[in-house]
Amino acid sequence: MTATAADDRALQQAAPWWRPAAGQRLLIRGGARLEGRHPISGAKNAALPLVVATLLTPHLVTLRNLPASLDVAVLAGLLQRLGAGLSWSQGAQGLTLTVCADRLRPEAIDAGLVSRMRASVLLLGALLGRCGEARLPLPGGDAIGARGIDFHLDGLRAMGAVITLEQGVIAARAPQGLVGADIRLAFPSVGATENLMLAAVLARGTTTLRNAAREPEIADLARCLIAMGAVIDGLDSDTLVIEGGHALRGAQHAVMPDRIELGTLACAAAATDGELLLEGGDLSALAAAGPALQAAGVELETVAEGVLARRAPTGLQGIDFRTAPYPGFATDLQSPVMALLTRARGASAVTEAIFEQRFRHVDELRRMGARIALRGQTAWIRGVPRLTGARLLATDVRAGAALVLAALTAEGCSLLDGLDHLDRGYDGMVAKLAACGAALQRGDF
């Protein structure tokens, strides 16, 4: 059995709903208007830390509305190897997972699975807090920048962990247990905030996280931990106070809707001059991106079932924006919005201030006829009347979504490689788009 086949079998054992993708390329014929209902999945960026949080207690924790994405399947594989019992069901609220982590084996980490996803670094905080030890290969994930884990490690050291890096492996231990600390993050890193929260809820004493990330996914994690018995103050602020040392119980929690999928599909509706009901979407979660999209000509209307998205009668218009930590413009929406702006009237300036390599999709958009000039961390865009189909490569999750969006508006056909990124970040994107009128087909073309 090949390594890939063995990996696929392991993932199917841990996540029976997951199946290897049928075909590694996506053929997209542009020109169709997107119309209909597009259900917004549970947020990928919230689901992963929530799944890790189930390791903090020996009692049953149930998570509803999980996205059926490759990243969730990989994380399930990691939990199963660590000794957690997993029970799945699927219904009206999407995927439901119940975890029983009463017999953890922190030494049984799967290096191959860790290399497939960045979020596996969150296992450090959870395993240190619960077991007093963790040994983790440096995690993988999207190639969008350095994204060092120094903030994570410095915070864990402040809580009493002894950490060494040896031959690409993080070895961490806290033989006397973690203790609360006053920690100021040099940058409001989402991952570091989550990792330190996971560690702090079982640490002795009080932990204060200053300059903490404020993304809604942080508050979603905090709400789940509170339901499990944790004491956390300061939700939605940049200062979190965590009273550690409380034994955590079982709980049930529903994952928040995916605000990045919401923003991406709103762009797709406007770019194709269609209209989509984005079921379950929460417009307020877009923060600064909401008004920016509206200024660009994306009409967004909150209705009883979610958000209605369409192109404004005045058409698409160029805008300037700069990515920033929440409530600023989300870096995960930068590439899909750039794809929209390639067809807008006038000029746009997009500055990427979070990840230094998040313009790797620019060359692919240029291949389709987009007019984009890069100067440092700013992309200068002049809208064009049309894009043309091309052979494309997705280099990360959000770039993949942006290229699908661009191909849907282009004349002719596009062929997209790198679909593992779409699989990692989105729940059934191809099928959902096809149901809304998109002409696209997955296969080995």
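Would you mind finding the one in Asp258, Asp233 that is surrounded by fewer than 19 Cβ atoms within 10 Å (Cβ to Cβ) and either closer than 22 Å to Arg382 by Cα or of a type in the set (D, E, K, R) (or both)? So that I can check it myself, show each step before the final result.
Details: Asp258 fails: surrounded by fewer than 19 Cβ atoms within 10 Å (Cβ to Cβ).
Checking each option against the conditions leaves just Asp233.
Does Ala247 count as more than 25 Å from Arg130 (Cα to Cα) and either at pLDDT 95 or above or not assigned by TED's automatic domain parsing to the domain that holds Ala292 (or both)? First the steps, then the outcome.
Values: more than 25 Å from Arg130 (Cα to Cα): no; either at pLDDT 95 or above or not assigned by TED's automatic domain parsing to the domain that holds Ala292 (or both): yes.
When the stated conditions are applied, Ala247 does not pass them.
Here is a list of conditions, (1) part of a loop (DSSP other than H, G, I, E, B); (2) more than 14 Å from Ala161 (Cβ to Cβ), and Pro106 meets all of them except one; can you say which number that is?
Single failed check for Pro106: (2).
Given the structure, is Leu374 within 29 Å of Pro67 (Cβ to Cβ) and assigned by TED's automatic domain parsing to the domain that holds Thr323?
Values: within 29 Å of Pro67 (Cβ to Cβ): no; assigned by TED's automatic domain parsing to the domain that holds Thr323: yes.
So Leu374 fails the test.
Out of region 304-332, which residues are under 30 Å from Glu35 (Cβ atoms) and aliphatic (A, V, I, L, M)?
Listed by number, the residues that qualify are Ala304, Val307, Leu308, Ala309, Ala312, Leu316, Ile319, Ala330.
I'd like the full set of residues that are part of a strand (DSSP E or B), over 22 Å from Glu411 (Cα atoms) and of a type in the set (Lys, Arg), limited to region 320-374. Quick ask: steps written out before the conclusion?
Going through region 320-374, the residues part of a strand (DSSP E or B) turn out to be 320-323, 329, 345, 347-351, 371-374.
Add one more test, that the residue is over 22 Å from Glu411 (Cα atoms), and what stays is 320-323, 329, 348-351, 373-374.
The answer is Arg322, and nothing else.
Can you spot a residue in region 65-81 that is of a type in the set (Ser, Thr, Tyr) and within 25 Å of Ala22 (Cβ to Cβ)?
Checked against the condition, which is being of a type in the set (Ser, Thr, Tyr) and within 25 Å of Ala22 (Cβ to Cβ), region 65-81 yields at least one hit.
Kindly indicate whether any position in region 361-384 is β-branched (Val, Ile, Thr), touching a residue at least 24 places away in the same chain (Cβ under 8 Å), closer than 23 Å to Leu416 by Cα and surrounded by fewer than 16 Cβ atoms within 10 Å (Cβ to Cβ).
Checked against the condition, which is being β-branched (Val, Ile, Thr), touching a residue at least 24 places away in the same chain (Cβ under 8 Å), closer than 23 Å to Leu416 by Cα and surrounded by fewer than 16 Cβ atoms within 10 Å (Cβ to Cβ), region 361-384 yields at least one hit.
Against the condition over 24 Å from Val404 (Cα atoms), in contact (Cβ under 8 Å) with a residue 60 or more places away in the chain and not assigned by TED's automatic domain parsing to the domain that holds Asp282, how does Thr98 come out, does it pass? I'd like the intermediate steps shown before the answer.
Working: over 24 Å from Val404 (Cα atoms): yes; in contact (Cβ under 8 Å) with a residue 60 or more places away in the chain: no; not assigned by TED's automatic domain parsing to the domain that holds Asp282: yes.
Against the criterion (over 24 Å from Val404 (Cα atoms), in contact (Cβ under 8 Å) with a residue 60 or more places away in the chain and not assigned by TED's automatic domain parsing to the domain that holds Asp282), Thr98 does not qualify.
Which of (1) over 24 Å from Asp110 (Cβ atoms); (2) of a type in the set (A, V, I, L, M, F, W, C); (3) under 19 Å from the mean Cα position of the chain (by Cα) does Ala192 not meet, given it meets every other one?
(1)
Can you find a residue that is part of a loop (DSSP other than H, G, I, E, B) and either without any contact (Cβ under 8 Å) to a residue 24 or more places away in the chain or out of contact with any Gly (no Cβ under 9 Å at 6 or more places or on another chain) (or both) anywhere in region 389-405? Let's see the steps before the verdict.
Residues of region 389-405 part of a loop (DSSP other than H, G, I, E, B): 389-390, 394-396.
Among the residues that remain, those that are also either without any contact (Cβ under 8 Å) to a residue 24 or more places away in the chain or out of contact with any Gly (no Cβ under 9 Å at 6 or more places or on another chain) (or both) are: none.
No, there is no match, as no residue in region 389-405 is part of a loop (DSSP other than H, G, I, E, B) and either without any contact (Cβ under 8 Å) to a residue 24 or more places away in the chain or out of contact with any Gly (no Cβ under 9 Å at 6 or more places or on another chain) (or both).
Residues in region 337-351: is at least one without any contact (Cβ under 8 Å) to a residue 60 or more places away in the chain, buried (at least 22 other Cβ atoms within 10 Å of the Cβ) and under 30 Å from Asp238 (Cα atoms)?
Yes, some residue in region 337-351 is without any contact (Cβ under 8 Å) to a residue 60 or more places away in the chain, buried (at least 22 other Cβ atoms within 10 Å of the Cβ) and under 30 Å from Asp238 (Cα atoms).
What strands (runs of 3 or more DSSP E) lie completely within region 13-87 and have 1 or more residues being touching a strand residue (DSSP E or B) at 6+ places or on another chain (Cβ under 7 Å) and hydrophobic (A, V, I, L, M, F, W, C)?
On the way: elements: 25-29, 35-39, 61-66.
In region 13-87, 25-29, 61-66 are the strands (runs of 3 or more DSSP E) which contain 1 or more residues that are touching a strand residue (DSSP E or B) at 6+ places or on another chain (Cβ under 7 Å) and hydrophobic (A, V, I, L, M, F, W, C).
Could you list, in sequence order, all residues of region 295-311 that are within 13 Å of Cys267 (Cα to Cα) and surrounded by 16 or more Cβ atoms within 10 Å (Cβ to Cβ)?
Passing the criteria: Ala296, Gly297, Val298, Glu299, Leu300, Val307, Leu308, Ala309, Arg310, Arg311.
Just one of Asp363, Asp396, Asp444, Asp420 is of a type in the set (Asp, Glu), farther than 20 Å from Leu293 by Cα and touching a His at 6+ places or on another chain (Cβ under 7 Å); which is it?
Numbers: Asp363 fails: touching a His at 6+ places or on another chain (Cβ under 7 Å); Asp444 fails: touching a His at 6+ places or on another chain (Cβ under 7 Å); Asp420 fails: touching a His at 6+ places or on another chain (Cβ under 7 Å).
Every option except Asp396 fails the conditions.
For Val121, state whether it is in the same structural domain as Pro137 (by TED's automatic domain parsing), in contact with a strand residue (DSSP E or B) (Cβ under 9 Å, 6 or more places away or on another chain) and at pLDDT below 95. Break it down stepwise before answering.
On the way: in the same structural domain as Pro137 (by TED's automatic domain parsing): yes; in contact with a strand residue (DSSP E or B) (Cβ under 9 Å, 6 or more places away or on another chain): yes; at pLDDT below 95: yes.
For Val121, the condition - in the same structural domain as Pro137 (by TED's automatic domain parsing), in contact with a strand residue (DSSP E or B) (Cβ under 9 Å, 6 or more places away or on another chain) and at pLDDT below 95 - is met.
Being touching a strand residue (DSSP E or B) at 6+ places or on another chain (Cβ under 6 Å) and either within 30 Å of Leu387 (Cβ to Cβ) or charged (D, E, K, R) (or both) is true for just one of Arg184, Arg223. Which residue is that? Outline the logic, then answer.
On the way: Arg223 fails: touching a strand residue (DSSP E or B) at 6+ places or on another chain (Cβ under 6 Å).
Result: Arg184 is the single residue among Arg184, Arg223 that is touching a strand residue (DSSP E or B) at 6+ places or on another chain (Cβ under 6 Å) and either within 30 Å of Leu387 (Cβ to Cβ) or charged (D, E, K, R) (or both).
Within the group Leu97, Leu34, Leu27, which residue is of a type in the set (A, V, I, L, M, F, W, C) and within 29 Å of Cys224 (Cα to Cα)? Steps first, please.
Numbers: Leu34 fails: within 29 Å of Cys224 (Cα to Cα); Leu27 fails: within 29 Å of Cys224 (Cα to Cα).
Answer to the selection: Leu97.
The values are calculated or read from the model by the stated rules, or taken from the named source; none is laboratory data. The structure presented is a predicted model; accordingly, all values stated were derived computationally and were not measured. In this analysis, Cβ positions are derived from the backbone assuming ideal geometry, glycine residues included, and neighbour counts consider all displayed protein chains.
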